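> Have a look at this one before I ask anything.
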There are 2 protein chains.
Amino acid sequence: MTAEIITIGDEILIGQTVNSNAAAIGEQLHRVGIEVGRMVVVSDDHHDILRALRQARDEADLIITTGGLGPTHDDITREAVAAAFETDLEIREELVEAISNRYKSRGRDVPESVRIQATVPTGFDVLNNDVGTAPGFCTTWDISDERRGFFASLPGVPAEMQAMLVDEVIPRLSEVRDLRQIRSRMLLTTGIGESVLQEKIRDLVPSPESGLRLAYLPNAGGVRLRLTAVGDDPNHIDEELDALEAALRERLEEYVYGIGDENLESAVGRILSKKKLTIATAESCTGGLIANRISDISGASTYFLGAIVAYCNSVKMHALGVDVEALDEDGAVSETVALQMARGVRERLGADIGVSTTGIAGPTGGTPDKPVGTVWVAYSGPDGETAVLLKLVKHRGLNKELTTTAVLDLVRRRILALDVEADVQDRS
Amino acid sequence: MTAEIITIGDEILIGQTVNSNAAAIGEQLHRVGIEVGRMVVVSDDHHDILRALRQARDEADLIITTGGLGPTHDDITREAVAAAFETDLEIREELVEAISNRYKSRGRDVPESVRIQATVPTGFDVLNNDVGTAPGFCTTWDISDERRGFFASLPGVPAEMQAMLVDEVIPRLSEVRDLRQIRSRMLLTTGIGESVLQEKIRDLVPSPESGLRLAYLPNAGGVRLRLTAVGDDPNHIDEELDALEAALRERLEEYVYGIGDENLESAVGRILSKKKLTIATAESCTGGLIANRISDISGASTYFLGAIVAYCNSVKMHALGVDVEALDEDGAVSETVALQMARGVRERLGADIGVSTTGIAGPTGGTPDKPVGTVWVAYSGPDGETAVLLKLVKHRGLNKELTTTAVLDLVRRRILALDVEADVQDRS
């Protein structure tokens, strides 16, 4: 028997929302060694939810639902769960108080519907929601003398669902399950395309019989390699993963920037912290996305001083000191302006490193000389300056993403190679 | 009876791939008026696929599967479909030739597996694949004297699947279905919580029998209201939707900021453009997210001048003109500093409107006086200045999102009410 994930919501069925919650749960369960046998999406309809729950109870021994726990009339998961588990609903006064306090602490009035959100099936445990207001609930049932089924209902808001899955569901699950060992780790690469990468490591790919698996997961930040090992002995599978990771790292060298949940901005942050360097950004076509990414990392305030988003030329001139001649002669999208922007933000904000972007994000604004997707990025640091021309795509959002990735990777490579003491001495 | 979408593939179940194919099919079917009752994901396993197909045949009258039609050993959809429809498999020689020609025309060798891809269930029609090599197949079956069921299998590669859905499946479907009309539109609200919203419009919610439905879809940007109408006469259902939309707009007044695919940043951009106003942002805790959102809108360069991300106090002082006294006495997270930042960026970048954020995004950095989630935002414009205290959550990413939403909504309300000519005259 296996796990089943039930997503409740019309917005998924009509294709308005992609079912990212089911993917997040599938990934999390896979990580702890639980196989998901089926995912089902049903509408906000009592009979559909009830039928799905009954089928799941016949076929799965772990069931997780998301959605339909809000305070409004179309949130009817509670009723269907109570019906499927043949129990009643009850209002928990301690939950009424806890949710009310949550509203009050945010300076908001307590709505009447707080009593709906404090309603759970009789006999179920409450799953706390530290991010939002709607709690979840869970229960177990006997499948056989040795085996108990586990059921949990989580809200549909992704940030709430994910926090509750990790903090509330997985720990309870570990009490009722002997988990098989599946381990996987993610090796993060950037600056190399999927095909070239594949050719480069072809002979290192494990055979299907080895119990080791390698998957390529490309996105706008680079290609992530997922290494997975299955077995009974955790030490043995860790050793296998270590060996594969070492071989891949040796082959791919500086294309590998991190591992696991790290991303390019946290890798850059880690190196900046370690080398006690500070950074500032001067952004035109990325419009603040690099600053936004850098500031997503908790603790960024120790190395990130700030940014100047210079969307119009007058800001480029007055806030960053770009020459009017450079703008007139070379244009805003040029090597000269990119370098002046990086230098300008570095000097004016007093940072060790300044980076810049200027380009045509699209979809309009291209010329024959500088089509949409033409972007200059630059770096200015204690080890000198450099500018790089990127020729990207026709898609505005993707151009912002790809430019941000290129800049963060440029910074990473420069500061990895940077001998801080020597260079800072040069500078002084 | 309704449609069911079956997605076949382990990569979905382990959360490696988000099920975007099901969303694309759901959206397409919704557009032509077919209601999707259920989506199911199963693994690349004969019995799981067969069971899902049999359940679908009992419950749905339109079934579409994706995945498992490739040339490798784990592509086993053909066998399961033949079993579910109690027929055999046959190799179609005309398909062998067609697929072989496709390989040859791309200068590639014809692989042996071409015969696998040319295998379809006996009696089924072939669905051509102009994008890739694997064809799909479809059939119909009798449900009653008047009604036939329709079944189609499509490959899992999204670009192939989508082209075949539009070019091959929908036209065949129109031959066996009198399509009902389903229309929906999205009314976008912000600045009002789901519970309060529900209480405010309780009496406007259509009864289940009316053929009109109203759903609440909350996210970090606000609560979206989806209005759906079902019927035979497209003019009539449009009128019904118009009436419901008008009633909701009248009741909710300025909480409604847009409709359809619009978002808060495009609504703000639309109003700024119309009133010929410019904006600049001064961001601390949002780290550039507001600028990033504003610059996501194509054409933003006509009203967005730029941003100063002042992550450290020295940038707040030197780039924005914040007083050292204010920082020392009130602290960086204070009404005074927020107002000085908004005024500073407005004056220094020469914008009509300046907005600012300063707060404790978390997860660390909170104090008893100013816990994580304490954020001050401010507005400075031709109509004066204002600052608002937000008490948000413990989640860094969500705090950035919620603060950005609050600022964009603050701007929207101020500029909606702003009589540009009068105010600009006052200013001069």
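> Quick one: count up the residues across the range B:99-132 that are free of Cβ contacts under 8 Å to residues at least 12 places away in the same chain and not in a loop (DSSP other than H, G, I, E, B).
Taking the range B:99-132 and keeping what is free of Cβ contacts under 8 Å to residues at least 12 places away in the same chain, we get B:101, B:104-110, B:112.
From the residues that got through so far, the ones that are not in a loop (DSSP other than H, G, I, E, B) too are B:101, B:104-105.
Residues that pass the stated criteria total 3.
> Okay, moving on. Within the range A:301-318, restricting attention to residues that are closer than 17 Å to B:CYS312 by Cα and within 7 Å of another protein chain (Cβ to nearest Cβ), which residue is most open to solvent (accessible area, probe 1.4 Å)? Write out each step before concluding.
Of all residues in the range A:301-318, those closer than 17 Å to B:CYS312 by Cα come to A:301-309.
Narrowing further to those that are within 7 Å of another protein chain (Cβ to nearest Cβ): A:301, A:304-309.
Values: A:SER301: 71, A:PHE304: 0, A:LEU305: 24, A:GLY306: 0, A:ALA307: 0, A:ILE308: 6, A:VAL309: 0 Å².
Among them, the one singled out is A:SER301.
> Any residue that is in contact with a helix residue (DSSP H, G or I) (Cβ under 9 Å, 6 or more places away or on another chain), more than 28 Å from B:ARG412 (Cα to Cα) and in a loop (DSSP other than H, G, I, E, B) - is there at least one of those in the range B:337-359?
no
> I'm checking my understanding of the structure. Among residues of the range B:15-46 that are under 17 Å from B:ILE63 (Cβ atoms) and in contact with a Pro (Cβ under 8 Å, 6 or more places away or on another chain), which one is farthest from the other protein chains (Cβ to nearest Cβ)?
Of everything passing the filter in the range B:15-46, B:ASN21 is farthest from the other protein chains (Cβ to nearest Cβ).
> Okay, moving on. Look through the range A:274-299, keep the residues that are surrounded by fewer than 24 Cβ atoms within 10 Å (Cβ to Cβ) and facing another protein chain (nearest Cβ under 8 Å), and return whichever of them is nearest to B:ASN399 (Cα to Cα). First the steps, then the outcome.
Applying the first criterion (surrounded by fewer than 24 Cβ atoms within 10 Å (Cβ to Cβ)) to the range A:274-299 yields A:274-278, A:296-299.
The next check asks that each one be facing another protein chain (nearest Cβ under 8 Å); those that pass are A:296, A:298-299.
Numbers: A:ASP296: 11, A:SER298: 12, A:GLY299: 15 Å.
Once the filter is applied, the top-ranked residue is A:ASP296.
> Look at B:GLU262 and say whether it is more than 11 Å from chain A (Cβ to nearest Cβ), at pLDDT below 95, surrounded by fewer than 16 Cβ atoms within 10 Å (Cβ to Cβ) and closer than 22 Å to B:ALA387 by Cα. Before you say what the answer is, go through the steps one by one.
Working: more than 11 Å from chain A (Cβ to nearest Cβ): yes; at pLDDT below 95: yes; surrounded by fewer than 16 Cβ atoms within 10 Å (Cβ to Cβ): yes; closer than 22 Å to B:ALA387 by Cα: no.
Criteria not met by B:GLU262.
> For the list (1) in contact (Cβ under 8 Å) with a residue 12 or more places away in the chain; (2) within 13 Å of chain B (Cβ to nearest Cβ); (3) over 30 Å from A:LYS275 (Cβ atoms), I need the number of the one condition that A:GLY331 fails.
(2)
> Between residues in the range B:362-390 that are closer than 19 Å to B:CYS312 by Cβ and within 11 Å of another protein chain (Cβ to nearest Cβ) and residues that are of a type in the set (D, E, K, R) and open to solvent by less than 60 Å² (accessible area, probe 1.4 Å), which pairs lie under 8 Å by C-beta distance while being six or more apart or on different chains?
If the second residue must be of a type in the set (D, E, K, R) and open to solvent by less than 60 Å² (accessible area, probe 1.4 Å), the pairs left are B:GLY362/B:ARG396.
> Any residue that is modelled with pLDDT of 85 or more, over 30 Å from A:VAL268 (Cβ atoms) and surrounded by fewer than 17 Cβ atoms within 10 Å (Cβ to Cβ) - is there at least one of those in the range A:147-160?
yes
> I'd like to know if the range A:18-34 contains one or more residues that are over 22 Å from the mean Cα position of the chain (by Cα), free of Cβ contacts under 8 Å to residues at least 60 places away in the same chain and not in a helix (DSSP H, G or I).
no
> Within the range B:346-370, how many residues are under 21 Å from A:ARG348 (Cα atoms) and open to solvent by 50 Å² or more (accessible area, probe 1.4 Å)?
Counting residues in the range B:346-370 that are under 21 Å from A:ARG348 (Cα atoms) and open to solvent by 50 Å² or more (accessible area, probe 1.4 Å) gives 3.
> Examine the range A:327-345 for a residue that is under 29 Å from the mean Cα position of the chain (by Cα) and either over 24 Å from B:CYS312 (Cα atoms) or buried (at least 24 other Cβ atoms within 10 Å of the Cβ) (or both), and state whether such a residue exists.
Going residue by residue through the range A:327-345, those that are under 29 Å from the mean Cα position of the chain (by Cα) are A:342, A:345.
Add one more test, that the residue is either over 24 Å from B:CYS312 (Cα atoms) or buried (at least 24 other Cβ atoms within 10 Å of the Cβ) (or both), and what stays is A:342, A:345.
Yes, the conditions are met somewhere in the range A:327-345.
> What number of residues in the range B:361-405 are closer than 21 Å to B:ASP330 by Cβ, not charged (D, E, K, R) and not in a loop (DSSP other than H, G, I, E, B)?
Residues meeting the conditions: 15.
> Hey, another quick one. Mind telling me which of the residues A:ILE49, A:ILE12 ends up being facing chain B (nearest Cβ under 8 Å), open to solvent by less than 40 Å² (accessible area, probe 1.4 Å), out of contact with any Gly (no Cβ under 6 Å at 6 or more places or on another chain) and assigned to a helix (DSSP H, G or I)?
Numbers: A:ILE49 fails: facing chain B (nearest Cβ under 8 Å).
Exactly one of A:ILE49, A:ILE12 is facing chain B (nearest Cβ under 8 Å), open to solvent by less than 40 Å² (accessible area, probe 1.4 Å), out of contact with any Gly (no Cβ under 6 Å at 6 or more places or on another chain) and assigned to a helix (DSSP H, G or I), namely A:ILE12.
> Follow-up question, since we're still on this one. Can you tell me how many residues in the range B:393-416 are of a type in the set (Ser, Thr, Tyr) and more than 10 Å from every other protein chain (Cβ to nearest Cβ)?
Taking the range B:393-416 and keeping what is of a type in the set (Ser, Thr, Tyr), we get B:403-405.
Those still in the list that are more than 10 Å from every other protein chain (Cβ to nearest Cβ) too: B:403, B:405.
Counting residues in the range B:393-416 that are of a type in the set (Ser, Thr, Tyr) and more than 10 Å from every other protein chain (Cβ to nearest Cβ) gives 2.
> Taking the range B:198-210 as the search range and keeping residues that are facing another protein chain (nearest Cβ under 8 Å) and not acidic (Asp, Glu), which one is farthest from B:PRO234 (Cα to Cα)?
Restricting attention to the range B:198-210, the residues satisfying the condition of being facing another protein chain (nearest Cβ under 8 Å) are B:198-199, B:205.
Filter once more, keeping what is not acidic (Asp, Glu): B:198, B:205.
Details: B:GLN198: 28, B:VAL205: 21 Å.
Among residues in the range B:198-210 that are facing another protein chain (nearest Cβ under 8 Å) and not acidic (Asp, Glu), the one farthest from B:PRO234 (Cα to Cα) is B:GLN198.
> Tell me the residue from B:ARG213, B:ARG177, B:ARG224 that is more than 14 Å from every other protein chain (Cβ to nearest Cβ) and not hydroxyl-bearing (Ser, Thr, Tyr), please. Step through it out loud before you land on a result.
Numbers: B:ARG213 fails: more than 14 Å from every other protein chain (Cβ to nearest Cβ); B:ARG224 fails: more than 14 Å from every other protein chain (Cβ to nearest Cβ).
One residue alone meets the criteria, B:ARG177.
> Go through B:GLU245, B:GLU240 for me and flag whichever is more than 12 Å from chain A (Cβ to nearest Cβ) and in contact with a Pro (Cβ under 9 Å, 6 or more places away or on another chain).
Numbers: B:GLU245 fails: in contact with a Pro (Cβ under 9 Å, 6 or more places away or on another chain).
Testing whether each residue is more than 12 Å from chain A (Cβ to nearest Cβ) and in contact with a Pro (Cβ under 9 Å, 6 or more places away or on another chain) leaves just B:GLU240.
> What about A:ALA80, is it among the hydrophobic types (A, V, I, L, M, F, W, C), surrounded by fewer than 20 Cβ atoms within 10 Å (Cβ to Cβ) and more than 14 Å from chain B (Cβ to nearest Cβ)?
Numbers: among the hydrophobic types (A, V, I, L, M, F, W, C): yes; surrounded by fewer than 20 Cβ atoms within 10 Å (Cβ to Cβ): no; more than 14 Å from chain B (Cβ to nearest Cβ): yes.
So A:ALA80 does not fit the description; no.
> Considering only the range B:241-257, how many residues are farther than 12 Å from B:THR189 by Cβ and crowded, with 20+ Cβ neighbours inside 10 Å?
Final tally of qualifying residues: 1.
> I'd like the full set of residues that are over 28 Å from B:PHE150 (Cα atoms), under 40 Å from the mean Cα position of the chain (by Cα) and not basic (Lys, Arg), limited to the range B:91-110.
Passing the criteria: B:SER100, B:ASN101, B:TYR103, B:SER105, B:GLY107.
> Restricting the search to the range A:102-119, which residues are open to solvent by 60 Å² or more (accessible area, probe 1.4 Å), of a type in the set (Lys, Arg) and within 9 Å of chain B (Cβ to nearest Cβ)?
Scanning the range A:102-119 gives a single hit, A:ARG108.
> Okay, next question. State which residue is modelled with the lowest pLDDT when the search covers only the range B:29-46 and only residues that are open to solvent by 10 Å² or more (accessible area, probe 1.4 Å) and of a type in the set (D, E, K, R).
B:ARG31
> Quick one: which residue in A:THR122, A:THR140, A:THR87, A:THR65 is more than 27 Å from B:LYS370 (Cα to Cα), surrounded by fewer than 22 Cβ atoms within 10 Å (Cβ to Cβ), among the polar types (S, T, N, Q) and in contact with a Leu (Cβ under 8 Å, 6 or more places away or on another chain)?
Working: A:THR140 fails: in contact with a Leu (Cβ under 8 Å, 6 or more places away or on another chain); A:THR87 fails: in contact with a Leu (Cβ under 8 Å, 6 or more places away or on another chain); A:THR65 fails: surrounded by fewer than 22 Cβ atoms within 10 Å (Cβ to Cβ).
A:THR122 is the lone residue from the list that is more than 27 Å from B:LYS370 (Cα to Cα), surrounded by fewer than 22 Cβ atoms within 10 Å (Cβ to Cβ), among the polar types (S, T, N, Q) and in contact with a Leu (Cβ under 8 Å, 6 or more places away or on another chain).
> Here's another thing I want to ask about it. B:VAL324: crowded, with 23+ Cβ neighbours inside 10 Å, in contact with a helix residue (DSSP H, G or I) (Cβ under 9 Å, 6 or more places away or on another chain), at pLDDT 95 or above and hydrophobic (A, V, I, L, M, F, W, C), yes or no? Talk me through it step by step, then tell me what you get.
Values: crowded, with 23+ Cβ neighbours inside 10 Å: no; in contact with a helix residue (DSSP H, G or I) (Cβ under 9 Å, 6 or more places away or on another chain): yes; at pLDDT 95 or above: yes; hydrophobic (A, V, I, L, M, F, W, C): yes.
Against the criterion (crowded, with 23+ Cβ neighbours inside 10 Å, in contact with a helix residue (DSSP H, G or I) (Cβ under 9 Å, 6 or more places away or on another chain), at pLDDT 95 or above and hydrophobic (A, V, I, L, M, F, W, C)), B:VAL324 does not qualify.
> Filter the range A:120-151 down to residues that are aliphatic (A, V, I, L, M) and farther than 16 Å from A:ASP88 by Cα and give me whichever is nearest to the other protein chains (Cβ to nearest Cβ). Steps first, please.
Restricting attention to the range A:120-151, the residues satisfying the condition of being aliphatic (A, V, I, L, M) are A:120, A:126-127, A:131, A:134, A:143.
From what's left, farther than 16 Å from A:ASP88 by Cα: A:127, A:131, A:134, A:143.
Values: A:LEU127: 17, A:VAL131: 5, A:ALA134: 10, A:ILE143: 19 Å.
Only one residue fits best here, namely A:VAL131.
> When you scan the range A:52-77, how many residues do you find that are within 8 Å of chain B (Cβ to nearest Cβ) and part of a helix (DSSP H, G or I)?
Count: 2.
> Got at least one residue in the range A:200-208 being modelled with pLDDT under 85, among the hydrophobic types (A, V, I, L, M, F, W, C), more than 19 Å from B:GLN16 (Cα to Cα) and open to solvent by 20 Å² or more (accessible area, probe 1.4 Å)?
Let us first name the residues in the range A:200-208 that are modelled with pLDDT under 85, namely A:207-208.
Narrowing further to those that are among the hydrophobic types (A, V, I, L, M, F, W, C): none.
Looking through the range A:200-208, none of the residues is modelled with pLDDT under 85, among the hydrophobic types (A, V, I, L, M, F, W, C), more than 19 Å from B:GLN16 (Cα to Cα) and open to solvent by 20 Å² or more (accessible area, probe 1.4 Å).
The values are calculated or read from the model by the stated rules, or taken from the named source; none is laboratory data. From a predicted model like this one, the values you see are computed outputs, not experimental measurements. Reconstructed Cβ throughout: ideal geometry from the backbone, glycine too, with neighbour counts over all protein chains shown. Note: accessible area is taken over every heavy atom of the protein model, side chains too, but ligands, DNA and RNA are not part of it. Shrake-Rupley method; radii C 1.70, N 1.55, O 1.52, S 1.80 Å.
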